[in-house]
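Presented below is the structure to which this report refers.
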């Protein structure tokens, strides 16, 4: 009898809690979800409106920056909403958040165990975004790792390299960034030809191929300055190294360079320009046939 009474009391308390704190928790979750959805929609619509505005003409780089800022803003607001909602839910479970937040001991422990690194990462991340050092979609080299920027938050940048490996780099660890796809890109290649080759002939062929490539309907949109002969770069063991340069739109330098190499090889074969291969000259010493050595 006493056991049945205790169960009924427990069920009654559970129902009472569900009708009070339980409903509050459900309401907090719904409001948090709605605020996150509203904030994301507002930022996305603002970004879309800015990109389509007749009064503001944004190039590809500015659109990428705008998209990156919108992404970071959405992530920051989402994090704040989740943290605040979690604190409110904990209060509904009877956890007093005031003493936790104001406790000097806990704050000191947080700082001692890495809070300063978090602050450093966030501050560095803010300046990376503010100074427009790189955006989502850029190809960059950070800490010796080259890859495409897949994600940026205030604390960390996510890169995916050519092998598909994902690298998460805290902003506080970043000392230098090399952006390979900002505003424009360069074709910068060395081509070796045989020593007996007429350099003026090579120059004419390279310039003709580069001009034809820049005028090709499939490639002209990607090329800002036609690839051309620049200079003799060096005298190597088996070849004369020729420097060829050109200018492309960001992200197009690799595909344009590949097509240029293909066309140059075909043109060199047609024009009889030899592509060298490693060679080694061996000097043989003839033995003295005098009677003293016989």
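Taking label positions 7 Å along the Cα-Cβ direction at both residue 275 and residue 34, the computed distance is 6.7 nm, reported to one decimal. As a ratio to 2.2 N^0.38 Å, the alpha-carbon radius of gyration for the range 185-271 is 1.05.
Taking the Cβ of each residue in 71, 201 as the centre, tally the other Cβ atoms inside 10 Å and list the residues starting with the fewest. Don't jump to the answer; show the numbers that get you there.
Details: 71 19, 201 13.
If I rank by nearby Cβ atoms, fewest first, I get 201, 71.
Taking label positions 7 Å along the Cα-Cβ direction at both residue 186 and residue 220, the computed distance is 2.7 nm, reported to one decimal.
Since every read-out is calculated from the coordinates, none of them should be taken as a lab result. In this text the structure is predicted, and so the values were computed from the model without any measurement. Heads up, the Cβs are rebuilt from the backbone with ideal geometry, glycines too, and the neighbour counts pull from every protein chain shown.
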